[in-house]
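Report on the following structure.
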Amino acid sequence: MTDGPFRNSALTTRWKHYGQDLVSDAVSKEERVTQACHSVLGDIKSFDRLYAELDARASRDQMDLDSVAATETIFDNNERSALGDALERNLLCNLREGIPERKSLDLALGQAVGEFLASAKNRIDEECIRARDVGDMSRSDFTKGLQRNRETFAAIDVGSVCAALENGNKNAFRRTARKDVNDGPDD
């Protein structure tokens, strides 16, 4: 990717597309939400196996005497990740509060996704600041980018992101085709 405000950043291609979308007047808020969700899901690694084990445990009829210890073991036996760490923190807190396992997992997933989205939003805000400071983004695009980033992340339905993770569908928010205003017929 050679254009857009994040062209010189270390962000993934998905996030660079999102950066272009932030400053493009041809992209709707709904399209930005879709791209942001697609980018967030692309950042999540090593989650499917962890969630499947936690889900299987929460779906069991038989309850353990110490559900916290059994749940900690699942986290210990899986690869660490930012989303996994947030899920662990929230899930263990819920279990310690005496909330049943199924409800604890559902609540913890929503809480963890909310934290992950807030972190992604802040990272993009920081990239906008960096892009402005190095001259990759004009002051007007900077103001527009921050405003649109705030609006975009405020419009994300956490439940939809959770559903995509629960189903293991990393492409739930993938666009069918990217529109490029500069593409026209070849004559």
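The values are calculated or read from the model by the stated rules, or taken from the named source; none is laboratory data. In this text, all values refer to a predicted model and were calculated from it rather than measured experimentally. Backbone-built Cβ (ideal geometry, glycine too); neighbour counts: all protein chains shown. We work out accessible area using only protein heavy atoms, side chains counted, and drop any ligands, DNA or RNA first. Shrake-Rupley method; radii C 1.70, N 1.55, O 1.52, S 1.80 Å.
If we keep just the residues of segment 70-95 that are among the small types (Gly, Ala, Ser) and farther than 16 Å from residue 105 by Cβ, which is surrounded by the most Cβ atoms within 10 Å (Cβ to Cβ)? In this case the residue turns out to be 81. Total residues in segment 108-128 satisfying the condition of being open to solvent by 70 Å² or more (accessible area, probe 1.4 Å) and farther than 22 Å from residue 33 by Cβ: the figure is 0. Residue count for segment 147-171 satisfying the condition of being open to solvent by less than 50 Å² (accessible area, probe 1.4 Å), at negative phi and outside any helix (DSSP H, G or I): 1. The condition of being under 21 Å from residue 170 (Cβ atoms) and either surrounded by fewer than 19 Cβ atoms within 10 Å (Cβ to Cβ) or without any contact (Cβ under 8 Å) to a residue 12 or more places away in the chain (or both) holds for only one of 7, 32, 14, that being 14.
Just a yes or no: is a residue in segment 38-52 assigned to a loop (DSSP other than H, G, I, E, B), at positive phi and not aromatic (Phe, Trp, Tyr)? The answer is yes; a qualifying residue exists. Checking each residue in segment 6-37 for being in a loop (DSSP other than H, G, I, E, B) and touching a Ser or Thr at 6+ places or on another chain (Cβ under 9 Å) picks out 11, 12. Please tell me if residue 89 is assigned to a loop (DSSP other than H, G, I, E, B) and within 20 Å of the chain's Cα centre (by Cα). Considered against the rule, which asks whether it is assigned to a loop (DSSP other than H, G, I, E, B) and within 20 Å of the chain's Cα centre (by Cα), residue 89 comes out as no. Residue 66 meets each of the listed conditions (1) open to solvent by 70 Å² or more (accessible area, probe 1.4 Å); (2) closer than 19 Å to residue 164 by Cα; (3) not basic (Lys, Arg) apart from (2). Modelled with pLDDT under 95, within 26 Å of residue 122 (Cβ to Cβ) and of a type in the set (A, V, I, L, M, F, W, C): does that describe residue 10? In short, yes.
Annotation note: Cβ proximity below 9 Å between a residue of segment 133-146 that is part of a helix (DSSP H, G or I) and a residue that is surrounded by 11 or more Cβ atoms within 10 Å (Cβ to Cβ) and among the basic types (Lys, Arg) (sequence gap 6+ or interchain) occurs for 139/132; 141/132; 142/132; 145/132.
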